[in-house]
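First the structure, in the form of structure tokens, and then the observations on it.
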Amino acid sequence: MLSEQTIPLLPGQLLARGVSRLMASYGFSGVEEFVPARGLRVDVIALGPKGEVWIIECKSSRADFTSDTKWPSYLEWCDRFFWAVDSDFPTDLLPDGAGLIMADAYGGEILRMPDCSTLAPARRRVITQKIAQTAARRLHALRDPAMNAAAG
């Protein structure tokens with residue numbers, strides 16, 4: 001049984017929730033706070049119905065954006081890369097070439113679709129398997145919290 005306690009979500013986490021809802025409306029399955037490789041953590045990675053991989057970075061403020069120096073490393077792990085921001089974010093800060101999603105905690109809209117840079121088949125296989133394993137582990141942890149306690 002899940003606990004009744006909840007932890008308040010931070011602004012970036014609220015954006016990620018809305019982005020995940022948007023991705024679901026496109027037939028994608030999103031995984032939040034995903035680690036594609038050691039030292040990297042993307043806000044949302046989404047696996048599409050045809051195996052496409054999109055990464056979405058959620059930025060809740062100017063400081064959040066300017067402090068992120070790792071995002072160029074995310075490009076090699078996806079077919080399309082997006083920034084997700086709220087309506088108050090100064091979008092002129094965002095680099096050209098990436099997609100743009102306007103979002104809030106409840107959904108979003110793709111305002112700019114980025115060009116596709118197709119993943120190599122071996123990379124796609126690795127990242128798809130890692131997405132599946134991460135999602136399965138998280139689901140198992142929700143259904144069997146004692147497993148997490150024993151492992152950690």
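The values are calculated or read from the model by the stated rules, or taken from the named source; none is laboratory data. These numbers were taken from a predicted model, which means no experiment stands behind them. We place every Cβ from the backbone using ideal geometry, glycine too, and count neighbours over all the protein chains shown.
For the range 17-34, filtering for residues that are within 14 Å of residue 53 (Cα to Cα) and in contact (Cβ under 8 Å) with a residue 12 or more places away in the chain leaves 10.
Where residues in the range 44-75 are of a type in the set (D, E, K, R) and buried (at least 22 other Cβ atoms within 10 Å of the Cβ), which of them is farthest from the chain's Cα centre (by Cα)? Among those residues, the one meeting the criterion is 59.
Per the conditions (1) among the hydrophobic types (A, V, I, L, M, F, W, C); (2) surrounded by fewer than 13 Cβ atoms within 10 Å (Cβ to Cβ); (3) within 15 Å of residue 12 (Cα to Cα), the sole criterion not satisfied by residue 113 is (3). Per the conditions (1) closer than 25 Å to residue 143 by Cβ; (2) at pLDDT 95 or above; (3) not polar (S, T, N, Q), the sole criterion not satisfied by residue 4 is (2). When 48, 12, 18 are checked against the criterion of being modelled with pLDDT of 95 or more and over 23 Å from residue 128 (Cβ atoms), a single residue qualifies: 18.
Determine if the range 76-84 includes at least one residue that is under 20 Å from residue 17 (Cα atoms), among the aliphatic types (A, V, I, L, M) and surrounded by 11 or more Cβ atoms within 10 Å (Cβ to Cβ). It would help to see each step written out before you state the result.
Taking the range 76-84 and keeping what is under 20 Å from residue 17 (Cα atoms), we get 78, 80-84.
Remaining after also requiring among the aliphatic types (A, V, I, L, M): 84.
Now narrow it down to the ones that are surrounded by 11 or more Cβ atoms within 10 Å (Cβ to Cβ): 84.
Yes, the range 76-84 contains at least one residue that is under 20 Å from residue 17 (Cα atoms), among the aliphatic types (A, V, I, L, M) and surrounded by 11 or more Cβ atoms within 10 Å (Cβ to Cβ).
Does residue 130 fit the bill of being modelled with pLDDT under 95 and surrounded by 11 or more Cβ atoms within 10 Å (Cβ to Cβ)? Spell out how you get there, then give the answer.
Working: modelled with pLDDT under 95: no; surrounded by 11 or more Cβ atoms within 10 Å (Cβ to Cβ): yes.
Here the answer is no, as residue 130 does not meet what is asked.
When residue 13 is tested against the conditions (1) under 22 Å from residue 94 (Cα atoms); (2) of a type outside the set (Gly, Ala, Ser); (3) touching a residue at least 60 places away in the same chain (Cβ under 8 Å), the lone failure is (3).
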